[in-house]
Each structure stands twice: as structure tokens, then as C-alpha cells.
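Everything below concerns the one structure shown next.
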Amino acid sequence: MASIRSKDTKPELVVRKGLWKRGFRYRLNDKRLPGHPDLVLRKYRTCIFINGCFWHGHNGCKYYTIPKSNTEFWMTKVKRNKERDKEEQRKLAKMGWHSIVVWECELKPQKLEGTLDSIAFTLNHIWLKDHNARVTPYPQMEETMQIPMAAESDPAHY
């Protein structure tokens, strides 16, 4: 397991390249945040975790199978990984961060563009939701007030 990389994995590089093409800018593996997210988009207050189906126990996925040897060890390890992932996401939520989890199986060539479009849609939705909450609408003008528009001429001049 020492040869298993935790940074710059192929799925991570695919997501990074796809988001960069779509105009999203990010930081990598921010150690100040719980769980050291793979990608951190501060503008969107969002962390993206790119999980391997085997290592993080993606239920219902064909790539998540427990090995036949040393089964007890692997089941315990995957269970611990899942619990740790949930706890890290709870901590991030308490800090006001959104979390997106991208599974390795969603990055296969036939699903890649759809997954990247979905991430982009979610990020844009988060940004709009966060910024619309801060916008104060213009006060409603009373119907009785007759204020001429900038392009209209003032009837008092005639």
C-alpha cells in the first residue's frame, strides 16, 4: 500500500483538467481544512473530494469488491475510511464549506463529460445561491409617484 499515491492520481488530474477548461480556479490539498480536500474552490466555498471506489467503499459500484484474502482487514479499513470521510464533511459543513464527492467510476470516458458538467452546474448553483442571499432588492416605488425615466423627456418642459 505504500506505493498507492494520495495526490496527483489519474482521476484527480482528469477532474482538474476538466474544471480548468471550464474556467474554474482552485487550490490543491489545502492542509488547513479537515480532510485535506483534493480541490478547494474558495470563491464557491466548496471542497471537492475525488474518491477511489475501492478505497472509500462506493456501494453498488462494480469497482468496489472486497478481496478474498484478509477480508476482515479490508472490511474494517474501508469502514474506517467511510466514517472518516463523513466526519470530515461534517466539520467542513460546520465551517460553512460545501463538499462535492466525485467517484472514480464517474470519470470513465463514457460518463466523464456528464460528470464534469454536473460539477460545473453545482458550483454555479452554489455561487448563485450564496450571492443572491446577500443581494437586497430595490425598494418598490409607489404607483402614485410619477418619476420620468431617464430616456423620457420631462413633460413640464413643454
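Of all residues in region 11-25, those being part of a helix (DSSP H, G or I), surrounded by fewer than 16 Cβ atoms within 10 Å (Cβ to Cβ) and either of a type in the set (D, E, K, R) or at pLDDT below 90 (or both) number 2. When region 59-72 is filtered for residues that are in a loop (DSSP other than H, G, I, E, B) and either out of contact with any helix residue (DSSP H, G or I) (no Cβ under 7 Å at 6 or more places or on another chain) or in contact (Cβ under 8 Å) with a residue 24 or more places away in the chain (or both), the ones remaining, listed by number, are Asn59, Gly60, Cys61, Lys62, Tyr63, Tyr64, Thr65, Lys68, Ser69, Asn70. Restricting attention to region 87-103, the residues that are over 12 Å from Cys47 (Cβ atoms) and either over 15 Å from the mean Cα position of the chain (by Cα) or among the hydrophobic types (A, V, I, L, M, F, W, C) (or both) add up to 3. Which residue is surrounded by the fewest Cβ atoms within 10 Å (Cβ to Cβ), if the candidates are limited to region 105-123 and must be of a type in the set (Ser, Thr, Tyr) and closer than 22 Å to Thr9 by Cα? Checked region 105-123; the qualifying residue surrounded by the fewest Cβ atoms within 10 Å (Cβ to Cβ) is Ser118. None of Val78, Val102 is closer than 16 Å to His58 by Cβ, open to solvent by less than 60 Å² (accessible area, probe 1.4 Å) and assigned to a helix (DSSP H, G or I) except Val78. Taking region 105-137 as the range and being hydroxyl-bearing (Ser, Thr, Tyr) and in a helix (DSSP H, G or I) as the test, the residues that pass are Thr115, Ser118, Thr122.
Within region 26-58, the set of residues being among the basic types (Lys, Arg) and either crowded, with 20+ Cβ neighbours inside 10 Å or part of a loop (DSSP other than H, G, I, E, B) (or both) comprises Lys31, Arg32, Arg45.
Would you check if there is a residue in region 73-92 being β-branched (Val, Ile, Thr) and over 21 Å from Trp20 (Cα atoms)? Taking every residue of region 73-92 in turn, at least one turns out to be β-branched (Val, Ile, Thr) and over 21 Å from Trp20 (Cα atoms).
The values are calculated or read from the model by the stated rules, or taken from the named source; none is laboratory data. Remember, it's a predicted structure, so these values are computed and weren't measured experimentally. A quick note on method: Cβ atoms are made from the backbone with ideal geometry, for glycine too, and the neighbour counts reach across all protein chains shown. Accessible surface areas use protein heavy atoms only, side chains included; no ligands, DNA or RNA. Shrake-Rupley method; radii C 1.70, N 1.55, O 1.52, S 1.80 Å.
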